[in-house]
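Take a look at the structure below.
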Amino acid sequence: MSDNEKKPLIRPYAGPASPSRRQFLAAGASASVLAASAAVTGGMVSAAEHSGESKGHVIVIGGGFAGCTAARELGRSGYKVTLLEARNRLGGRTFTSEFAGEMVDMGGTWIHWLQPHVWSEIRRYGMDLEETVGAVAENVIYIDYQGKRHEAKWSEIWPTAEDHDKIWRKYYPGAYELMPRPSMPFEDLAWVKTDNITMQEKMDSSGLTEIEKIYLDCYHTTCGANAMKNVSWSFILRWYAHAGYSGTVINDLGLRFKIKGGTKALLEKIIGDSGADIRLSTPVYKVMQNDKGVEVITDSEEIIKADAIVCTVPMNVLKDVEFSPPLRPGKVAASKQTHAGSGTKIHVQLDKEYEAFGGWAPGGDAPINYVLWDSVKNGHTHLITFGPSTDTLDMNDTEAVEKAIRKFLPDATVVQAYGYGWNDDPYSQGVWFAPRPGQSYGILEDMQASQGRIHFASADWANSWRGFIDGAIEQGLIAADKVRGQLQS
Amino acid sequence: MTRHIGSGGLAFLFLVLAVAARASDNCDVVAGAQATIKCVACHSLDTSENGVGPSLQGVYGRKIAAYEGFRYSRALRKIEGEWTAEELDKFLLKPQAYAPGTRMAFGGLQKDQERADVICFLKQQGG
């Protein structure tokens, strides 16, 4: 072992001292372009008129990170862009809004410099980062497979980064050989044979100790947003490969660094550069095309014509939009099958200040798998929790949330708790993408395929960081490039 | 168990308490106010402004899917009538069952008493 491998982990924010956290937005979300005010509901909130000749008209369906990125790219390339968003806000599966008097992210949150597309945007717009301390806290509270509560220190479980990395190598043996090019899913196809293995099957055969299993179960059930038996092992294999085959880095990647001001702060920069006409509360129910152009029909029967479409409707929702000619069968079948991502994310405020900690609990039947200590302020603690399903915890039942929190903090009193109902939202019908066995590879080509003048962009079928903000931006860039190529030729 | 309302809702709560004597039977306006904290990510409770969802100020007794300036889903537009206690109770139990396709991303309040408290609070607020 080299000296480097023995170097201990540095945890600058471990222990009771919390990082300062500025309250960045006092007003509600309605002050910005990301949610419409009464005066502009359903209308154009950013109706920058195009001057002079445009190169063509492009409709972007959906205003999440994929759609806003595509809108910006095309707007800056001289196209007239009309962005149609079904909800009365932009953001898609990201949503910065109010909880306990602060602006927090209800959906996608964390980013990292190993995610090239989002990191490029962070640098481009000079965004600052904040940290979710619980992801790397020295204090650990974990629940074992018998339901018993334990307190521990991260540095005693894994004294060095190398010690931590070793358990990930046990769970992902031969990862480099299986997936040497994680950003290129159609090359070096050795990984494809892992697509039909579930996370649970791999756990059962991996020779991990109990604490290793508890931690990896907690991490994978959280990140798979479902019980491990329902998610392909290849999913987080790709994250792990992107993280340079390091467990320490992968832990930082998923749940640690977030954008100051929330995801909304970055999205406002991106869409602000688009010059697009943005129509909120404008669901599209039919999309038609012929060799001359495209038409969409909104739910108020308005017909909008254009030269091309970037369709960012999520995988689980695509089946609800009528296409003529129809979607290719593979897209429809995947949409009907749905992906596995359907877990819970809940913001919780406690009635007193607790020291920073990370809470781990295993199992697809647990109400909460992961508790992330976020901050303390004015005598309260803010936690973020994840669970595998709304069946194991009713997010809207505050007493049930408190009961679940008390497994970790027996004396906790919950002041308030809120989790956005992504599974009940007709425009997401789930959380971030997580592949059922066979979906990592089996549906990717179908989902990515353009159909004539319609180009499909979503983090749900990104090449690199599938299910992440990074993947959405990647897809927005690719779709915009396809449109440019098509309309120029 | 003691629960507290967030500081942002305190002034509002005082207003509610001032008129709590007029509350309906078998419901707790203060508990209702506490429960509506779940609504504020998307709705304004104490202003007429629409957010991600329509303003809830005066929603009790209002015609369904008719608040000025908000574009409702087809699902909700199809429903006739007013937001009476009975209709609100059915909607809040499971919004997607009451109006399949509603844009309200909320799984519902399963406890009968909590729904009754929320409805009490909304009724007070419109008064």
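The values are calculated or read from the model by the stated rules, or taken from the named source; none is laboratory data. Fair warning: this is a prediction, and the values are worked out from it, not measured in the lab. With ideal geometry, Cβ positions are generated from the backbone for all residues, glycine too; neighbour counts draw on all protein chains shown. The area values use the complete protein model at the heavy-atom level, side chains included, leaving out ligands, DNA and RNA. Shrake-Rupley method; radii C 1.70, N 1.55, O 1.52, S 1.80 Å.
Below, the figures for the structure above:
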{"read-out": "Heavy-atom SASA rank of B:98, A:215 (probe 1.4 Å, accessible area, largest first)", "value": "B:98, A:215"}
{"read-out": "Exercise: per-residue mean of other protein chain Cβ atoms within 10 Å, B:106-114", "value": "4"}
{"read-out": "Accessible surface of residue A:80 - all protein chains present, 1.4 Å probe, nearest 10 Å²", "value": "80 Å²"}
{"read-out": "Spatial separation of Cα centroids for segment A:231-265 and segment A:386-413, in angstrom", "value": "25 Å"}
{"read-out": "Chain A: angle of helix A:469-488 to the longest principal axis, Cα-based, in degrees nearest 10", "value": "20 degrees"}
{"read-out": "Proximal aspartates and glutamates relative to residue B:123, as straight alpha-carbon distance under 17 Å, when same-chain residues fewer than 8 apart are discounted", "value": "B:25, B:28, B:46, B:82, B:86, B:87, B:89, B:112, B:114"}
{"read-out": "Cα gyration tensor shape of the protein assembly as shown, rounded if a/c is under 1.5, else prolate or oblate by comparing a/b with b/c", "value": "oblate"}
{"read-out": "Helical mean residue ellipticity (222 nm; -39500 (n - 2.57) per DSSP H run of 4+; nearest 500) of the protein assembly as shown", "value": "-8500 deg cm²/dmol"}
{"read-out": "Dipole magnitude of the protein assembly as shown about its Cα centre (Cβ charges: Lys, Arg +1; Asp, Glu -1), debye to nearest 20", "value": "800 debye"}
{"read-out": "Segment A:379-479: C-alpha gyration tensor shape, a/c 1.5 cut-off, then a/b vs b/c", "value": "prolate"}
{"read-out": "Per-residue HN-Hα couplings for segment A:365-378 [Karplus 6.51, -1.76, 1.60; θ = phi - 60°; Hz; x = Gly/Pro]", "value": "9, 6, x, 9, 9, 9, 10, 10, 6, 9, 5, 10, 7, 6"}
{"read-out": "Nonlocal amide H pairs with residue A:375, under 5 Å, H built at 1.01 Å", "value": "A:382"}
{"read-out": "Members of A:258/B:90; A:403/B:38; A:377/A:403 lying beyond 27 Å, as alpha-carbon distances in this model show", "value": "A:258/B:90"}
{"read-out": "Among beta bridges that DSSP assigns inside the protein assembly as shown, antiparallel share in %, nearest 5", "value": "70 percent"}
{"read-out": "Whole-angstrom gap from segment A:119-173 to segment A:423-489, using each part's C-alpha centre", "value": "29 Å"}
{"read-out": "Projected label distance in nm at residue B:93 and residue A:148, using a 7 Å step from Cα toward the beta-carbon", "value": "4.4 nm"}
{"read-out": "Relative contact order, percent, segment A:353-409 [alpha-carbon distance under 8 Å, six or more residues apart]", "value": "29 percent"}
{"read-out": "Relative packing of A:365-376, A:132-143, which averages over residues the other C-beta atoms within 10 Å, highest first", "value": "A:365-376, A:132-143"}
{"read-out": "Unpartnered cysteines - no second Cys beta carbon under 4.7 Å - across the protein assembly as shown", "value": "A:68, A:218, A:223, A:311, B:39, B:42"}
{"read-out": "For peptides A:101-110, A:286-295, A:432-441, sequence by mean Cβ density within 10 Å, most packed first", "value": "A:432-441, A:101-110, A:286-295"}
{"read-out": "Neighbouring partner chain Cβ atoms per residue of A:293-303, average, 10 Å criterion", "value": "1"}
{"read-out": "Chain A: relative contact order as a whole-number percent, Cα under 8 Å and 6+ apart", "value": "24 percent"}
{"read-out": "Lysines with Cα under 26 Å of residue A:170, excluding same-chain neighbours fewer than 8 positions away", "value": "A:6, A:7, A:148, A:153, A:193, A:202, A:213, A:229"}
{"read-out": "Charge sum, other residues only, whose C-beta stays under 13 Å from residue A:107's C-beta, Lys/Arg counted +1 and Asp/Glu -1", "value": "+4"}
{"read-out": "Reference-scaled alpha-carbon Rg (2.2 N^0.38 Å with N residues) for segment B:38-127", "value": "0.98"}
{"read-out": "Modelled FRET efficiency - R0 41 Å, residue A:391 with residue A:291, Cβ distances, 0.05 increments", "value": "0.30"}
{"read-out": "Proximal lysines relative to residue A:55, as straight alpha-carbon distance under 28 Å, when same-chain residues fewer than 8 apart are discounted", "value": "A:80, A:269, A:286, A:292, A:305, A:482"}
{"read-out": "Protection-proxy order for peptides A:265-271, A:324-330, each taking the mean of Cβ atoms within 10 Å per residue, highest first", "value": "A:265-271, A:324-330"}
{"read-out": "Peptide A:393-402, shielding by other chains (average Cβ, 10 Å cutoff)", "value": "4"}
{"read-out": "Nearest-20 debye value, segment A:74-231 charge dipole, Cβ charges on Lys, Arg, Asp, Glu", "value": "660 debye"}
